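The values are calculated or read from the model by the stated rules, or taken from the named source; none is laboratory data. Just so it is clear, the model here is predicted, and its values are computed rather than measured. Backbone-built Cβ (ideal geometry, glycine too); neighbour counts: all protein chains shown. SASA here: full protein model, heavy atoms, side chains in, ligands and nucleic acids out. Shrake-Rupley method; radii C 1.70, N 1.55, O 1.52, S 1.80 Å.
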Protein chains: 2
Amino acid sequence: MQNTPDTLSVISDFSRSPHAHLHQAPVQSVRLADAFWQPRRDANAGITIPSQFQHLEDTGALDNFRRAAGTKDMPFQGMVFSDSDVYKWLEAACWTLAHPHPDTLDTLVSDTAALIAAAQQPDGYLHTYFVLDKTSERWATISRGANNQHELYCAGHFFQAAIAHHRVTGSAQMLDVATRFADRICDTFGPADTQRHGTDGHPEIEMPLAELYRITQNPRYLAQAQYFVDVRLGMGRINDAEQTLLPFRELSRIGGHAVCAVYLAAGVTDIYAETGEPALKHTLDKLWDNMTETQTYVTGGIGSRWGVESFGDDYELPAHAYAETCAAIGNVMWQARLLALSGDAKYADVIEQTLYNNPLTAKADYRRQPWFGCACCPPNIARLLAQLPGYVCSVGERAAWVHLYIQGDAELVLPDGRAVTLTQQTRYPYDGDITLSVDGAGPFTLHLRIPAWAEGAQLAVNGQPVAVTPGTYAALSRTWQPGDTIFMSLPMPIRRVRAHPRVADAAGRVALQRGPLVYCLEQTDSPNADIRDIRLPDNAVVTPHTSLALPGGIVALEFSGTQASRSDWAHTLYQTDTMRRSIPQTSVPVVAVPYFAWANREPGRMLVWIPTESA
Amino acid sequence: MQNTPDTLSVISDFSRSPHAHLHQAPVQSVRLADAFWQPRRDANAGITIPSQFQHLEDTGALDNFRRAAGTKDMPFQGMVFSDSDVYKWLEAACWTLAHPHPDTLDTLVSDTAALIAAAQQPDGYLHTYFVLDKTSERWATISRGANNQHELYCAGHFFQAAIAHHRVTGSAQMLDVATRFADRICDTFGPADTQRHGTDGHPEIEMPLAELYRITQNPRYLAQAQYFVDVRLGMGRINDAEQTLLPFRELSRIGGHAVCAVYLAAGVTDIYAETGEPALKHTLDKLWDNMTETQTYVTGGIGSRWGVESFGDDYELPAHAYAETCAAIGNVMWQARLLALSGDAKYADVIEQTLYNNPLTAKADYRRQPWFGCACCPPNIARLLAQLPGYVCSVGERAAWVHLYIQGDAELVLPDGRAVTLTQQTRYPYDGDITLSVDGAGPFTLHLRIPAWAEGAQLAVNGQPVAVTPGTYAALSRTWQPGDTIFMSLPMPIRRVRAHPRVADAAGRVALQRGPLVYCLEQTDSPNADIRDIRLPDNAVVTPHTSLALPGGIVALEFSGTQASRSDWAHTLYQTDTMRRSIPQTSVPVVAVPYFAWANREPGRMLVWIPTESA
């Protein structure tokens, strides 16, 4: 199975969406050739995805499909939503096929696709738990969003896999299964007396229903996505009985289970891209403001509460964060859709912040824990890595957009059919110098993102300086000639960042950042001090450092910290102010490493927020 | 049913324990006549305990006994350990009978006792869940402490109720049921091949088995308590599979479920009081040091972790504390036993800190939430209030001890038979002046606790000053004459207390304390400022204040705080240091109320740790 030249491997096809102004570049059209992402993508294609397939075999997730297809007689295995692990894997594998990959992957994909097709029931239904003796329990716990058997959630993940399969391979096999199942769902759910009323506790299906509409132009899929939004109360999987659940258009704060919330918001953004309903955009803006102004970790993580995996109150960002990887990935998906609507750089800033500081930590988790009972995150990371080239560039009317700086090239096709090739040379994220070669003649505007953190950024086209503003796109409108070269310099001084005073766990502390990277202290780097005792003096000079035994060119930071003597506190937990004497300080060398690199060495404490004052 | 003059209403009878040096005063012998505790005890006797009885009827907890007795045919209701609610209620009611009480309470006690007696099975077994069709499941999940059906836990609470019933009413009815059940347990559990090996996941039975030994002098009960300690791994109900579970004598840190941990420690202290085994005391000391030096909230609360209701790592004391009321009560029980061993004032300090700053907050919870599904805390508070007089004084060899300063009197009998009456006049805890009248002729030592916080304490006997040291007992040895009068003055300046620098949530903050009381800010007292924005300047004068509309003579605190303008942070969650300008401060009047009084007015935020620096 090879890609056909005419395959349109875009993740979300906004090319005919009346309210989107940017169109994602096909995954296949962007080739990454950098030292940060591409090695991870190679490992994803060569190691992670094949080994995840084996796990799906080992855990019985694939056998569930054989059981539903009638080719294997055995009990259902795993959690009720284990089908979604197979679908996320298939989606990841399909996007991986868009670039050079191990030959065996084609076979795994086609075998899995055949297995799924065989498991579809004669009436179009597809969920391996609710078959055989459980057939009568289909859709039984669907409500206005509070209950949760994940049937529509699994359907949504299947649709996303089917769309990826269709767009990368050109085959209609999975898409046909998907539309048959989608038709069954559209027949089943709706406002009519003869239909079931309600939706899944876990949003997910909204995004791919809109995408099925984009592929098929069948309006019922878009209407169905809208119905599922209209009928829902809250943002999904709310366990807190005291929370008042409002319809989507009446929400003013992001809340509930974080993955649910961003999946739902992404789906609503997809619907808005088609319908342009102002009430939806108004609510999306409120949720976005609330999330980014009060409920986002400095690492881009969201969903601070353990237990219910949910958002919390405004400024409730405890250091012991939940911040599920799936929520970060869902947030990237949401931000990419918002970016397509507007071309506003603030959405790309969130994508970058999240990509560099969030899901990669779960890769570390993944290493420590080969698989999870609820294994939602590992295949979700796999699909994000596989999709990643699709988030780098966009095109628009007489315009090309660069959102992320990653060494490699992109062969873009503008809506008017002109080809533009962009080539990036850079050591980003460790260095802010970027050389872009533009190969595409004629007049168009090249939009280059200037990250909000890049104070003092400089840009020159063929040596001619252009003024830029951090937090916006530099819009370079000219008649481009082959060989045009852009040089950008994004200064990467080490920044000391403070949190809003209401973030209790960050009071009196700073987070160190350099470029898009957030740094942390790991205990393993401080053999002579407990990292909880380390303070960063205001006048300390923090310097970048590359000679550590860290892989992949990782830039660490170093500074001379202070460490307060604890002798005055021997055997006391509380002291009155009058008992406290001046505390002798000793100097201690401190190393900070990028947060994404956390937990790849010996286990130990980690902290992001470093106290600035001696205590 | 009236109290008989010869009833020995002590909680824990150390009078023949070879390794205890203090003996608790009988509950009946101490009469409280203060404005702080006695009104709460009156409400406990007149309102709480009758209404809790009604709840036990409404929830089916009493019907479970009728079902087990064969007088009611119905399913078991409530949680598997709901019997313990009945027992804790009965214990609370029995201790309440030791002082003037509503007449109806005698009937409730005798009816409940009869109901329990009727529910005992012919072989002595008593647990209303494991009867009828569940009889074969008795003891099925007993192990080395990890599993948990609460059978021995419930037995322990029954024994405590039976002991209270016996000691206050003089009746043998419940004690006979208890010894029959205890004999059955001793026959069932032990090291012999014919016996079951193991113990309950939830410690509790160890304390009353030791007490049954003290009453009956039957050594098998003490040996059984010791067996249950010897066979256990960890401190009970450990849900964290990664924690290594050690036998008790090998523990060096307090850990696991906090209620379990302190109940177990209290039981071990009871055993040590009888056996004097050095290894037990050595471990108890280590656990105590670890708990008080690293794992106790400034309010005396313990068990910081939500979810598993457990202790955490050293210095893991997040502001959003779990700190279950039952754990605080269990800690009082443990400290009272340690105090009996040694007469070391540090244990009495913990008791006072806990009594004034901890369980009373659950009274507020109780008001807000009429009953809990797992209603372990409300009857536990009821029994603590009923027992409270028993914690005020002790006697020893030619000695009387005063641990707590509460207006009232105590009619003590020294071991040599001499009667001593102590009368306290004081407005403690709001005022530190205490007048003690001693009526008891002859030579003995009167030990008066000088709280560790009472710097500058003064004491005079008949006007003659005596030097004292905070954190110890002043030992007044003389030949006392009727009419001798002691005047103590415990200065109550307002103290600013800081926590060990490793307590992250207290960094840069102080807790206000006055006397034994910890204070907090409640949002309802600050209509013009969010209490999260308030700062306590180093030079602010904090003054006591009694004119607030607060009941019971509560002393509030006032100071002029600062409130940082948030205008610089509009719509930003993170800022680099270089973006921050000088922040305009405004002055704001601030009121702090005692922590125990929290949540008796409008709902709202509360905080104990007040930031000292502007941010």
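Rounded to the nearest 20 debye, the dipole magnitude of the protein assembly as shown is 1360 debye, with +1 charges on Lys and Arg beta carbons, -1 on Asp and Glu beta carbons, and the Cα centre as origin. Looking at the stretch A:432-472, the pairs of alpha carbons with a distance over 14 Å make up 54% of the total. Hey, if you put +1 on the Cβ of every Lys and Arg and -1 on every Asp and Glu Cβ in the stretch B:302-344, which of B:LEU317, B:SER342, B:SER304 ends up farthest toward the positive end of that dipole? With unit charges placed on the Cβ atoms, the residue in question is B:SER342. Between B:SER560 and B:ASP58, the C-beta separation translates, for a Förster distance of 41 Å, into a calculated FRET efficiency of about 0.25. Projected onto their three principal axes, the Cα atoms of the stretch B:44-130 cover extents of 37, 24, 19 Å, largest first.
Which entries in A:LYS281/A:LYS346; A:LYS88/A:LYS286; A:LYS88/A:LYS346; A:LYS286/A:LYS346; A:LYS88/A:LYS281; B:LYS286/B:LYS346 show an alpha-carbon gap greater than 23 Å? Over 23 Å apart, Cα to Cα: A:LYS88/A:LYS286; A:LYS88/A:LYS346; A:LYS88/A:LYS281. If one takes the longest principal axis of the Cα atoms in chain A, at what angle in degrees, from 0 to 90 and to the nearest 10, does the Cα axis of helix A:258-275 lie? Compared with the principal axis, the helix lies near 60 degrees. Here chain B is assigned +1 on the Cβ of each Lys and Arg and -1 on the Cβ of each Asp and Glu. Its dipole about the Cα centre then comes out at about 740 debye. Both radii come from the Cα set of the stretch A:85-190: Rg as radius of gyration, Rh as Kirkwood radius; their ratio Rg/Rh reads 1.01.
What is the diffusion coefficient of the stretch A:381-493 in µm²/s, taking the Kirkwood radius over Cα pairs and the Stokes-Einstein relation at 10 °C with a viscosity of 1.306 mPa s? Before the final figure, lay out the partial values.
Numbers: Rh = 14.3 Å.
Estimated via Stokes-Einstein, D reaches 111 µm²/s.
Considering only DSSP states other than H, G, I, E and B, which GluC sites (Glu not before Pro) in the stretch B:224-326 qualify as loop sites with at most 12 other Cβ atoms within 10 Å? Walk me through the numbers on the way to the answer.
Values: sites: B:GLU242, B:GLU250, B:GLU274, B:GLU293, B:GLU309, B:GLU316, B:GLU324; in loops: B:GLU242, B:GLU309, B:GLU316, B:GLU324.
Sparse-neighbourhood loop GluC sites (Glu not before Pro): B:GLU242.
Can you list the aspartates and glutamates whose alpha carbon sits under 20 Å from that of B:LYS72, skipping same-chain ones fewer than 8 residues off? Within the straight-line cut-off, B:LYS72 pairs with B:GLU57, B:ASP58, B:ASP63, B:ASP83, B:ASP85, B:ASP111, B:ASP133.
Rolling a 1.4 Å probe over the protein chains gives B:LEU175 an accessible area of about 20 Å².
Ranked by solvent-accessible area (1.4 Å probe, protein heavy atoms only, all chains present), the residues A:GLU455, A:GLU151 order from largest to smallest as A:GLU455, A:GLU151.
Once Lys and Arg get +1 and Asp and Glu get -1 on their Cβ, which of A:PRO75, A:PHE228, A:GLY390 lies farthest toward the positive end of the dipole of chain A? Checked the options; the winner is A:GLY390. Alpha-carbon geometry of chain A: the Rg and the Dmax are 25.0, 80 Å, given in that order.
Using a 1.4 Å probe over protein heavy atoms, the accessible area lost on pairing B with A, summed over both chains, comes to approximately 3300 Å².
Could you tell me which of rounded, prolate or oblate describes the stretch A:282-336, using a ≥ b ≥ c as the square roots of the eigenvalues of the alpha-carbon gyration tensor, with rounded for a/c under 1.5 and, failing that, prolate when a/b is larger than b/c and oblate otherwise?
Values: a/c = 1.82, a/b = 1.30, b/c = 1.40.
The shape class here is oblate.
Calculated mean residue ellipticity, 222 nm, chain A: -10500 deg cm²/dmol, from DSSP H runs (n ≥ 4) at -39500 (n - 2.57) each, averaged per residue and rounded to 500. Once backbone amide H atoms are built at 1.01 Å from N, A:ILE11 has A:VAL27 as its partners under 5 Å, excluding neighbours fewer than 5 places away on the same chain.
Compute the whole-percent fraction of alpha carbon pairs in the protein assembly as shown spaced more than 62 Å apart. For the protein assembly as shown, the fraction of Cα-Cα distances above 62 Å is 21 percent.
When only the Cβ of Lys, Arg, Asp and Glu is charged (+1, +1, -1, -1), the dipole of the stretch A:463-580 relative to its Cα centre reaches about 360 debye.
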